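Student: For reference, the structure I am asking about is given below.
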Amino acid sequence: MAVDRYEYAKKLYAELGIDTDKALDTLKNVKISMHCWQGDDVSGFEGAGELSGGIAATGNYPGKATTPEELMSDIDVALSLIPGKHKLNLHAIYAITDGEKVPRNKLQPAHFEKWVQFAKERGLGLDINPTLFAHEYAADTLTLSHPDKEIRDFWIEHCIAMRKVGEYFGRELGQPALNNIWIPDGYKETPADRKGPRERLKASLDEILSEKISRDYLYDSVESKLFGIGVESYTVGSHEFYMNYAAKNDVLCLLDSGHFHPTEAVSDKLSSLLLYHDKIALHVTRGVRWDSDHVVTFEPELVEIAKEIVANDALDRVFIGLDYFDASINRVAAWVIGMRNMQKALLYALLMPLNEMKSLQDKGDFTRLLMLSEELKTLPFADVWDHFCEINNVPVRNTWFDTVTDYEKNVLSKR
Ligand code: RNT
Ligand code: ZN
């Protein structure tokens, strides 16, 4: 039955000049970096305190992972329900130190060996992020831009340590890792001096990135932000700051879709950045009223982001990662929903007659262009997606949720 539906969908898309088999083949090779921190509300394994830095996970849904074994097991369940082979995005606080308290500036690749083992066994890639929050040295909401050199140096060392971890991931797994630097630095009130902190941040980044590491193993990115809770008036690492830093220093600009004014769209920024940068990175998330990090849903801006990646022929130039943390629903389901939605959006984009649409735009035939983009919305896209799930041996439609329900009943609810 499902095959017939796919064959029919294939025929309809073929009438628009779209080869659905080719689209599925392309989609199969797109890796999305799944953020480990959805599994435990960004807690990590340091056994330390509260989340800080102007970000917050809200909710108290039972079953959160509290050990590496639990988190790995939850990730396995999620991955079994997501078509394709992907990457896993780690943070420094997920180092596995077997009870030993290792200061963040002293972390070594060895503390991530178990993750490498995990990734190897599953054919995954790995990415890394230094963790510059939830720490006593981040208590002032200042890290790499702190006026105190000792604090800055601690975080510089930490970021350098994570670059080494990323390099190690790249070497071991045969695909480059992304090391993404995000800092919470900013002020609650209007600062007297906006320049000083930015000068310090620039100098810190220069030091962190001074050692050249082969891009066979590692890419570095810098992530901007608009504001955070408690730091509403000034953000040191603003978009302008990092976009210029990235352009001048040959590092990647990472755009988080929750880090801009609510009416500003990341989708519109991609073509500009891709004109000037070989590669860029994304944190795909969904902000509701603020940078709330809700689960990624299949909504127009997500499709527009995917369309821009495809239209710019940039599937191999954009590191796509997810970044949200919802503690109010089943965390495994949160991963699966977001990952599958990202893939659906990419598939939707791959099934668009973009060349024809471009030429309609250039000819000024906006009536036909509008008609076409609207008619695309009711083509049997779902049948192509279902087929993709089927040929990649993951449950079709809502049936994946049975696995999550069983896992919750048998494992999560017993934690
Ligand atoms: C915070 C940034 C950052 C974090 C993760 C945990 O606003 O988006 O990327 O969400 O590093
Ligand atoms: Zn982010």
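The values are calculated or read from the model by the stated rules, or taken from the named source; none is laboratory data. On a predicted model such as this, the values are computed, not experimentally measured, just so you know. Neighbour counts run over all protein chains shown; Cβ positions are idealised from the backbone, glycine included. SASA here: full protein model, heavy atoms, side chains in, ligands and nucleic acids out. Shrake-Rupley method; radii C 1.70, N 1.55, O 1.52, S 1.80 Å.
Student: Scan the range 260-269 residue by residue and report those that are in contact (Cβ under 8 Å) with a residue 24 or more places away in the chain, within 16 Å of ligand 2 (Cβ to nearest atom) and either touching an Asp or Glu at 6+ places or on another chain (Cβ under 6 Å) or in a helix (DSSP H, G or I) (or both).
Tutor: Once the filter is applied, which keeps residues that are in contact (Cβ under 8 Å) with a residue 24 or more places away in the chain, within 16 Å of ligand 2 (Cβ to nearest atom) and either touching an Asp or Glu at 6+ places or on another chain (Cβ under 6 Å) or in a helix (DSSP H, G or I) (or both), the range 260-269 yields only 266.
Student: Please enumerate the residues belonging to the range 358-388 that are farther than 25 Å from residue 341 by Cα and among the hydroxyl-bearing types (Ser, Thr, Tyr).
Tutor: Within the range 358-388, 359, 367 qualify.
Student: Next question, about the same structure. Output the residues belonging to the range 54-93 that are over 28 Å from residue 291 (Cβ atoms) and either at pLDDT below 95 or open to solvent by 50 Å² or more (accessible area, probe 1.4 Å) (or both).
Tutor: 69, 76, 80, 85 - these are the residues of the range 54-93 that are over 28 Å from residue 291 (Cβ atoms) and either at pLDDT below 95 or open to solvent by 50 Å² or more (accessible area, probe 1.4 Å) (or both).
Student: Something else about it: Looking only at strands (runs of 3 or more DSSP E) that fall completely inside the range 273-331, which ones have 1 or more residues that are open to solvent by 40 Å² or more (accessible area, probe 1.4 Å)? Show your work before the answer.
Tutor: On the way: elements: 280-284, 286-288, 290-294, 318-322.
Output list reads 286-288, 290-294.
Student: Taking the residues in the range 222-247 that are among the small types (Gly, Ala, Ser) and open to solvent by 10 Å² or more (accessible area, probe 1.4 Å) as candidates, determine which candidate is nearest to the chain's Cα centre (by Cα). Explain how you work it out, then say what you get.
Tutor: So the first thing to find is which residues in the range 222-247 are among the small types (Gly, Ala, Ser), and the list is 224, 228, 230, 233, 237-238, 246-247.
Now drop any that are not open to solvent by 10 Å² or more (accessible area, probe 1.4 Å), which leaves 230, 233, 238, 247.
Numbers: 230: 24, 233: 26, 238: 19, 247: 21 Å.
Only one residue fits best here, namely 238.
Student: Go through the range 177-222 residue by residue and tally those that are polar (S, T, N, Q), more than 16 Å from ligand 2 (Cβ to nearest atom) and in contact with a Phe, Trp or Tyr (Cβ under 9 Å, 6 or more places away or on another chain).
Tutor: First, pick out the residues of the range 177-222 that are polar (S, T, N, Q): 179-180, 190, 204, 210, 214, 221.
Checking which are more than 16 Å from ligand 2 (Cβ to nearest atom) leaves us with 190, 204, 210, 214.
Still in the running and in contact with a Phe, Trp or Tyr (Cβ under 9 Å, 6 or more places away or on another chain): 190, 204.
Total meeting the criteria: 2.
Student: Something else now. Sort out which residues of the range 173-216 are within 14 Å of ligand 1 (Cβ to nearest atom) and under 24 Å from residue 89 (Cα atoms), and write them in order of number.
Tutor: From the range 173-216, those within 14 Å of ligand 1 (Cβ to nearest atom) are 178-186; that's our starting set.
Selection gives 178, 179, 180, 181, 182, 183, 184, 185.
Student: Could you look through the range 341-378, keep only residues that are hydrophobic (A, V, I, L, M, F, W, C) and open to solvent by 40 Å² or more (accessible area, probe 1.4 Å), and pick out the one that is farthest from residue 77 (Cα to Cα)? Explain how you work it out, then say what you get.
Tutor: Applying the first criterion (hydrophobic (A, V, I, L, M, F, W, C)) to the range 341-378 yields 342, 345-347, 349-352, 354, 357, 360, 366, 369-372, 376.
Pick out the ones that are also open to solvent by 40 Å² or more (accessible area, probe 1.4 Å) and you get 366, 370-371.
Details: 366: 46, 370: 41, 371: 41 Å.
Filtering first and then ranking leaves 366.
Student: Here is a follow-up. Between a first residue in the range 173-186 that is on the phi < 0 side of the Ramachandran plot and a second residue that is within 12 Å of ligand 2 (Cβ to nearest atom) and hydroxyl-bearing (Ser, Thr, Tyr), which pairs have beta carbons less than 8 Å apart while being 6 or more apart in sequence or on different chains?
Tutor: 178/33; 178/221; 179/221; 180/221; 181/221
Student: Right, another one. So which of 168, 219 ends up being surrounded by 15 or more Cβ atoms within 10 Å (Cβ to Cβ), of a type in the set (Phe, Trp, Tyr) and within 16 Å of ligand 1 (Cβ to nearest atom)?
Tutor: After ruling out the rest, the residue left standing is 219.
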